[in-house]
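K.L.:
I'd like to ask some things about the structure below.
The values are calculated or read from the model by the stated rules, or taken from the named source; none is laboratory data. What you see is a predicted model; the values in this text were computed from it and never measured. Cβ placement follows ideal geometry from the backbone for every residue including glycine, while neighbour counts extend to all protein chains displayed.
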């Protein structure tokens, strides 16, 4: 049986159906990619408590202050009747901002170390993988962390708010937004980590993440900016706007949001552009 299978494979290669030697190369590359990803996920599992601490603090404080403290002291945003509505629309925004923050942190900061004093990147590029595939593995690992970070917000939304939160989940849309949002967030981390000087990456969090959060439709629907038309147009360059709007579209009804088709198209397009630019920067840094 083994002889006949080997003979068939050789005949296919001779006939041009399977290029000789290509399948073993592909299998080796797949195994190397899986091994690198498994290594990063194993590190995440072993350091999960540290990951949890750095991930949970920001959304926990946002949910606690805006959905518990404010209503309890009589200063709920939107008044007594509107406090519950504000808490409901805030959930999607907090999930989106948490994913963006974690995606950048999970990819950009390790890249600084890999290209810096640890020089771990030299070990990674020795793997039997194209340079672009190594960059994609970084994005995949960062995307998993961004996805987990976003999912951690859901139990907070169940137990923290002092007002009633009304979620009407569109599961298919939610899964699509979470996956595309995780990819886009990690790709943004790859872009930042390869296009910015290592010593300047920590500064990026102050110059990029904070403005993105406050102008990313986290605390309000994008359509509510209509009275400030100029600002409503300017913030469209912020990818967090689309992720926040996508989360609201998948979690709520009766709350204004962008059409979900536009949201999915922009998340996919921006993610692809950031990934392509990040891979180019990664390749340049590796080969320089």
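K.L.:
Please indicate, with yes or no, whether at least one residue in the stretch 254-263 is in contact (Cβ under 8 Å) with a residue 12 or more places away in the chain, surrounded by fewer than 16 Cβ atoms within 10 Å (Cβ to Cβ) and in a helix (DSSP H, G or I).
P.N.:
Scanning the stretch 254-263, I find at least one residue that is in contact (Cβ under 8 Å) with a residue 12 or more places away in the chain, surrounded by fewer than 16 Cβ atoms within 10 Å (Cβ to Cβ) and in a helix (DSSP H, G or I), so the answer is yes.
K.L.:
Please specify each residue of the stretch 225-241 satisfying the condition of being in a helix (DSSP H, G or I) and without any contact (Cβ under 8 Å) to a residue 40 or more places away in the chain.
P.N.:
Correct list: 225, 229, 230, 231, 232, 233, 234, 235, 236, 237, 241.
K.L.:
If you check 67, 98, 88, which single one turns out to be buried (at least 21 other Cβ atoms within 10 Å of the Cβ), over 17 Å from residue 224 (Cβ atoms) and at pLDDT below 90?
P.N.:
Result: 67 is the single residue among 67, 98, 88 that is buried (at least 21 other Cβ atoms within 10 Å of the Cβ), over 17 Å from residue 224 (Cβ atoms) and at pLDDT below 90.
K.L.:
For the stretch 110-133, indicate whether the set of residues that are closer than 16 Å to residue 272 by Cα and in contact with a helix residue (DSSP H, G or I) (Cβ under 9 Å, 6 or more places away or on another chain) is non-empty. First the steps, then the outcome.
P.N.:
Here is the first cut: in the stretch 110-133, the residues closer than 16 Å to residue 272 by Cα are 132-133.
After this cut, where a residue has to be in contact with a helix residue (DSSP H, G or I) (Cβ under 9 Å, 6 or more places away or on another chain) as well, the list is 132-133.
Yes, some residue in the stretch 110-133 is closer than 16 Å to residue 272 by Cα and in contact with a helix residue (DSSP H, G or I) (Cβ under 9 Å, 6 or more places away or on another chain).
K.L.:
Please go through the stretch 179-193 and pick out each residue that is farther than 9 Å from residue 267 by Cα and touching a helix residue (DSSP H, G or I) at 6+ places or on another chain (Cβ under 6 Å). Quick ask: steps written out before the conclusion?
P.N.:
Initial filter on the stretch 179-193 (farther than 9 Å from residue 267 by Cα): 179, 182, 185-193.
Answer for the stretch 179-193, where residues must be farther than 9 Å from residue 267 by Cα and touching a helix residue (DSSP H, G or I) at 6+ places or on another chain (Cβ under 6 Å): 182, 185, 186, 187, 188, 189, 190, 191, 192, 193.
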